[in-house]
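FYI, it's all coordinate maths here, none of it is from the lab. Fair warning: this is a prediction, and the values are worked out from it, not measured in the lab. When we count neighbours, we look across all protein chains shown, and the Cβ atoms used for this are built from the backbone with ideal geometry, even at glycine.
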Amino acid sequence: MKKLFTALFITIITSNTSLFTWGQIGHRVVGDIAQKYLDPIVLKKVNTLLEGRDLAMVSNWCDHIKSFKKHDHTFWWHFVNVEDGKRYSEVTHNKNGDIVEAIQRFSKQLANDKLSFQKRHEALKWLVHLLGDIHQPLHVGYAKDQGGNLISVKWFGKKSNLHAVWDEGIINHQELSYTELSKLINFTNVEQLKKLQNSDVNVWLNEGMKLRKRVYDLKSKELSYAYQAHNVEFLNSQLLKAGIRLAGLLNKVLK
């Protein structure tokens, strides 16, 4: 029965690509911003590992491969559930891995130049994607509602769920391409840059756990202009953080 439930859960979630991931635009924004903060030497290494592609163009690869059964096990790497009042070290960890474990694992693989080109190539693509995911607060949401997927809402009159609103709804309603959105939000200073990059996955996780309270604060299940206006700058700031921190991680790992 447990195996059947797990199989059904994966089938339901992966049947909708907007679930458990920023939408394509969000991930590309993260990659585009990160590209601009890479050290020149690191940028050359990234170009080699990605065979000329930039970070934005590979940022959604991890979602695309979920369509193939052989990649079913990667589903668990996009999120983690830590209940209120608990620390990551205190919860039972999924034997299949989670987003915290995956970021740590792929960071080590990317840093190891003795591994095969393909191994490091894929590790880099995973990091580009997962740094985006962990900055979406519902990727460190609650198991009881599957990170907001079970919270039904209406988004500008159409049936949706809370997770989808935060993955794509608020981003898409800005009606900007990923390059336009990246240009709009990419403003920082040296002090902020250093502060954001002087952190690790545990900081990002704990930050997400605190921020999710805002996401779950619903005055109504009918969400539209007021909800968009209240949250759009906050969401955009998360995309900016993710991009800056991704660049910081790659600059350390590939230096």
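If we count GluC sites (Glu not before Pro) as exposed when they sit in a DSSP loop and have at most 14 other beta carbons within 10 Å, what is the longest stretch of the chain that avoids them all?
After excluding every exposed loop site, the longest remaining stretch is 84-174.
So, how do all the Cα-to-Cα distances of the chain break down into 10 Å bins, in percent, from 0 on up?
7, 32, 38, 20, 4, 0
Show me, for segment 143-158, the HN-Hα J-couplings you get by feeding each phi into the Karplus relation (A = 6.51, B = -1.76, C = 1.60, θ = phi - 60°), rounded to Hz, glycine and proline as x.
So the J values, rounded to whole Hz, are 5, 4, 10, 6, x, x, 5, 8, 9, 6, 9, 10, 10, 6, x, 9.
Express in nm, to one decimal, how much length is gained between Glu180 and Tyr216 on full extension, taking 0.36 nm for each residue of separation and deducting their alpha carbon distance.
Extending this stretch completely gives an extra 10.1 nm.
Spin-label point model (7 Å from Cα, Cβ direction): what's the Lys255 to Asn206 distance in nm?
Placing both labels 7 Å beyond Cα along the Cβ direction yields 2.3 nm.
Can you give the alpha-carbon Rg of segment 167-213 over 2.2 N^0.38 Å, where N counts its residues?
Here the answer is 1.46, to two decimals.
Sort 69-75, 28-34, 197-203 for me by packing, meaning the mean count of neighbouring Cβ atoms within 10 Å per residue, highest on top.
28-34, 197-203, 69-75
Can you pick out the pairs among Lys158/Lys241; Lys194/Lys252; Lys69/Lys125; Lys144/Lys213 whose Cα atoms lie more than 23 Å from each other?
With Cα atoms farther than 23 Å apart: Lys158/Lys241.
If a helix is a whole DSSP H run, which ones in the chain reach 27 Å or further along their own axis (Cα) and hold a mean Kyte-Doolittle hydropathy of at least -1.0?
225-253
Taking 7 Å along the Cα-to-C-beta vector as the label spot, tell me the Lys159-Gln192 distance in nanometres, rounded to one decimal.
Placing both labels 7 Å beyond Cα along the Cβ direction yields 4.0 nm.
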